[in-house]
1. At a Förster distance of 25 Å, what's the computed FRET efficiency of residue 159 paired with residue 35, Cβ-Cβ distance as r, to 0.05?
2. Once you have the Cα-Cα distance between residue 55 and residue 325, take 0.36 nm times their residue separation minus that, and quote the gain in nm to one decimal.
3. Taking 0.36 nm per residue of separation and subtracting the Cα-Cα distance, what length does fully extending residue 221 through residue 368 add?
4. If the label point is 7 Å along Cα→Cβ of residue 213, which residues in the stretch 144-168 have backbone nitrogen under 19 Å from it?
5. Fewest to most neighbouring Cβ within 10 Å: what's the order for 293, 371?
6. With springs only between Cα atoms under 10 Å, which of 32, 272, 259 fluctuates most in a Gaussian network model of the chain?
7. Can you figure out the FRET efficiency of residue 299 with residue 333, using R₀ = 41 Å and their beta-carbon distance, to the nearest 0.05?
8. Most fluctuating residue of 400, 179, 262 in a GNM of the chain with Cα springs under 10 Å: which is it?
């Protein structure tokens, strides 16, 4: 018996709900979903899905390794085993989630999920592609206890499905349920950069862990949640979103005078920087009067970029249907191509200067990929022809829309006192 791929099953439903929330919010006059931010979050979800092709084996292999030393032989056909696994998984998730907020190198990965300055269902799909490196550690106790791998994988999928719906501003507090389970209200708190909300509400399904271990905070009516992180990303580039935390840590480690600081900075409390580096290279934090990052290219550019994100996603789904039969080298090349495509599409939303040359090169890269896949027998003639027609139309539209475009000058982030520590 194999564990069902629950996430793949629910993705169409998730995308439908995201679109529905977007439309409903704008109909009600609540502009809590911006197209550029939603596409950015979806792009990060796409990159996470693509890179998981190469990285998901890490968690599975390590779980199977420790499972060989399990203390008990628990059967996967017993209901109580599933119920136990569900509670244990959420307990392990709580400590995983808490630690990634409290250690610099772990926060460098997890901060991806918190970078959005909006809060909507698309935020749930905003995942870090590097989390696989450490997340498996926290679930080793389940393997040693004897939770079957099938049960572990299925429960992990169910937990992810549950956590999707809590990423919305449209659902108010839910009364007595707030004391037991994680709700949209309690998770809105978790995404807040307000001092009172920072480092609170780590639970995945049960809020009980936060109440037990002193990390619970209710949403306050007189202190609206301000979403995002203390040092805003100020970019729609999903590749940079995944890298910026590590780049900043590496810069600080390089600049530090003491060797102890060069090493320890990675494992210190989130936001810690060597005193000499802080003095010489101060970083602006989010001021209390901060205006959310936003760049407004023309509607034509926004629609063009959104259509190409959709096209790239469809190509990605087609690739995922054949990935298991391909070589590792081919999969690495394809994943790199998809990530680069999304990074270049994001430039259109950022209204970067002189976008036409890079856009034409991006379309050329797709063309080369199509010919390679065609020669390998991975694309039927019909799909190849349709893609070629789409690329020709895209090139024509790019020439028409982008020829005379030049990006705006953005206002720099002002330095001012910000609430909370460096998240």
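1. Details: r = 29 Å, r/R0 = 1.16.
Approximately 0.30, to the nearest 0.05.
2. Numbers: separation 270, 0.36 × 270 = 97.20 nm, distance 1.63 nm.
Extra length available between residue 55 and residue 325 comes to 95.6 nm.
3. Values: separation 147, 0.36 × 147 = 52.92 nm, distance 5.46 nm.
So the extension gain works out to 47.5 nm.
4. 144-145, 156, 159-160, 163
5. Working: 293 19, 371 13.
Ranking 293, 371 by Cβ neighbours within 10 Å, fewest first, gives 371, 293.
6. 259
7. Numbers: r = 35 Å, r/R0 = 0.85.
Between residue 299 and residue 333 the formula returns 0.75.
8. 400
Just so you know, all these numbers are worked out from the coordinates, no wet-lab data involved. Small disclaimer: the values here were computed from a predicted structure and weren't measured. All Cβ positions, glycine included, derive from the backbone under ideal geometry; neighbour counts span all protein chains shown.
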